[in-house]
Amino acid sequence: METCLKKSIEQYRQIIAHAGQLDHLLLKSDPDELQSYTARLQELQDEAGLNDRIFLEVFPHNSTYWQNHPLFLERSRLLEKIVELNYLLLPRIRGMMAVTANELKQIKGGRVAVAGYHQTPAKQNQFIRGVG
């Protein structure tokens with residue numbers, strides 16, 4: 001159980017460290033880097049999820065002993081930190097998505113306006129009379 005808790009703590013620390021990169025990536029707005037970031041975050045979460053399944057199978061049998069154990073308390077603190085990061089980052093991400101959606105809408109509207117503008121070509125053999 002102690003090994004499982006240590007592994008869980010390390011995995012949650014990696015997730016928190018990875019989440020710390022998001023601010024910088026959001027400022028850069030590089031789609032490829034954001035996609036790589038998201039893929040790596042999913043990998044870290046999947047790995048932590050697998051370990052947590054093992055932990056949750058073993059934990060109920062010894063829950064009274066482990067609830068006050070320093071490793072369990074550290075794991076709980078890290079989980080709270082991840083929840084806090086989610087609450088702080090999600091509104092920023094949603095705001096950026098709204099701005100991006102608005103920009104795309106404006107670009108699309110501009111394309112429609114340009115596509116609707118047709119200049120008629122001058123006809124050949126047409127003479128313009130001058131004054132005089």
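The values are calculated or read from the model by the stated rules, or taken from the named source; none is laboratory data. The structure presented is a predicted model; accordingly, all values stated were derived computationally and were not measured. Cβ placement follows ideal geometry from the backbone for every residue including glycine, while neighbour counts extend to all protein chains displayed. Protein only, heavy atoms only, side chains kept; ligands, DNA and RNA dropped before computing areas. Shrake-Rupley method; radii C 1.70, N 1.55, O 1.52, S 1.80 Å.
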>> Can you list residue pairs whose Cβ atoms sit under 9 Å apart, with the first residue in segment 27-49 being in contact (Cβ under 8 Å) with a residue 40 or more places away in the chain and the second being open to solvent by less than 50 Å² (accessible area, probe 1.4 Å)? Count only pairs 6 or more apart in sequence or on different chains.
In response: ALA48/SER8; ALA48/GLN11; ALA48/TYR12; ALA48/ILE15
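Looking at segment 6-23 only, could you name the residues that are at pLDDT below 90 and either part of a helix (DSSP H, G or I) or open to solvent by less than 90 Å² (accessible area, probe 1.4 Å) (or both)?
Within segment 6-23, the first condition is being at pLDDT below 90, and the residues that meet it are 19-23.
Correct list: ALA19, GLY20, LEU22, ASP23.
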> Among LEU41, LEU26, LEU90, which is the only one that is of a type outside the set (Asp, Glu), loosely packed, with under 11 Cβ neighbours inside 10 Å and either more than 26 Å from GLU2 (Cβ to Cβ) or in contact with an Asp or Glu (Cβ under 9 Å, 6 or more places away or on another chain) (or both)?
Replying inline: LEU90
>> aliphatic (A, V, I, L, M), under 19 Å from the mean Cα position of the chain (by Cα) and modelled with pLDDT of 80 or more: is that true of ALA101 in this structure?
In response: no
>> Let me spell it out: the conditions are (1) assigned to a helix (DSSP H, G or I); (2) at pLDDT below 60, and PHE72 meets all of them except one. Which number is the exception?
In response: (2)
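Looking only at segment 1-35, count how many residues are small (Gly, Ala, Ser), in contact with a helix residue (DSSP H, G or I) (Cβ under 9 Å, 6 or more places away or on another chain) and at negative phi. I'd like the intermediate steps shown before the answer.
In the first step, residues of segment 1-35 are kept if they are small (Gly, Ala, Ser); the result is 8, 17, 19-20, 29.
Within this subset, residues satisfying the condition of being in contact with a helix residue (DSSP H, G or I) (Cβ under 9 Å, 6 or more places away or on another chain) are 8, 19-20, 29.
Restricting the remaining residues to those that are at negative phi gives 8, 19-20.
Number satisfying all stated conditions: 3.
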> Among (1) out of contact with any helix residue (DSSP H, G or I) (no Cβ under 9 Å at 6 or more places or on another chain); (2) of a type in the set (D, E, K, R); (3) farther than 27 Å from VAL99 by Cα, which single condition is GLU84 missing?
Replying inline: (3)
